[in-house]
Amino acid sequence: MPDFTQNLGPRPDLESAESLSLDYEGRIRARRRVILDSGREAGLFLERGRTLAEGDVLRAADGTLALVRCRPEPVCTARAPDGLTLARACWHLGNRHTVLQIGDLWLRFLPDPVLENMVRLLGLEVSAEEALFTPESGAYGHSAAPYAHSGAESGGSGPPGHRHEHGAEN
């Protein structure tokens, strides 16, 4: 069983003997057991904090290479009639720390009935689909990993250490 310990990034010059198809949550988890597309069991022991991307090549200690593939998953795609409507929706979703994929007059997020209703009220058309989910990585290149909103840890409704009020004009 190969244990993958290195992410070589996109390497079209390398021939991979294996492939690994993962949904978004699977691409953000750095340490766990996985099943390669061939059916072989493998381990991931990668650097934490980096989301695997389509086309990344992983190297195992035994030299085995595996190509990362994004797997389609249930998502909500919201289409906006214009850029201002899209910008408003992105602002409101970002204010809720929602992981987003943004395109030309559309955005995509993981299914959540409350968020779906909110973006409909903002004027977007929402559809449920199976698609690749490759969200923005953040302004500073940080992982787009979601986190739980735990009031007990942070003293509010945001992630640990996150202590400002949302929606307030600054």
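The values are calculated or read from the model by the stated rules, or taken from the named source; none is laboratory data. Bear in mind the structure is a predicted one, so any value in this text is a computation, not a measurement. In this analysis, Cβ positions are derived from the backbone assuming ideal geometry, glycine residues included, and neighbour counts consider all displayed protein chains.
Scan segment 35-42 and give yes if some residue there is crowded, with 18+ Cβ neighbours inside 10 Å, out of contact with any Gly (no Cβ under 7 Å at 6 or more places or on another chain) and under 30 Å from Asp104 (Cα atoms), otherwise no.
So far as segment 35-42 goes, no, none of its residues is crowded, with 18+ Cβ neighbours inside 10 Å, out of contact with any Gly (no Cβ under 7 Å at 6 or more places or on another chain) and under 30 Å from Asp104 (Cα atoms).
If only one of Arg40, Arg79 is modelled with pLDDT of 95 or more, in the same structural domain as Leu14 (by TED's automatic domain parsing) and over 18 Å from the mean Cα position of the chain (by Cα), which one is it?
Answer to the selection: Arg40.
Quickly run through segment 70-88 and pick out the residues that are surrounded by 15 or more Cβ atoms within 10 Å (Cβ to Cβ) and touching a Leu at 6+ places or on another chain (Cβ under 7 Å).
Cys70, Arg71, Val75, Ala78, Arg79, Ala80, Thr85, Leu86, Arg88, listed by residue number.
Report, by residue number, each residue of segment 20-43 that is among the small types (Gly, Ala, Ser) and under 16 Å from Ala61 (Cα atoms).
Ala30, Ala42, Gly43, listed by residue number.
Got a number for residues in segment 65-92 being among the acidic types (Asp, Glu) and in contact (Cβ under 8 Å) with a residue 60 or more places away in the chain?
1
Of all residues in segment 93-130, count the ones that are without any contact (Cβ under 8 Å) to a residue 24 or more places away in the chain and not charged (D, E, K, R).
Qualifying residue count, segment 93-130: 7.
So Asp23 fits all but one of (1) of a type outside the set (S, T, N, Q); (2) exposed (fewer than 14 other Cβ atoms within 10 Å of the Cβ); (3) out of contact with any Ser or Thr (no Cβ under 9 Å at 6 or more places or on another chain); (4) not assigned by TED's automatic domain parsing to the domain that holds Leu121; what number is the exception?
Asp23 satisfies every listed condition except (2).
In segment 99-110, which residues are surrounded by fewer than 16 Cβ atoms within 10 Å (Cβ to Cβ) and not in a strand (DSSP E or B)?
Hits for segment 99-110 are Asp104, Leu105.
How many of the residues in segment 91-114 are touching a helix residue (DSSP H, G or I) at 6+ places or on another chain (Cβ under 9 Å) and at positive phi?
The number of residues fulfilling the criteria is 1.
Can you find a residue in segment 37-55 that is of a type in the set (Lys, Arg) and without any contact (Cβ under 8 Å) to a residue 40 or more places away in the chain?
yes
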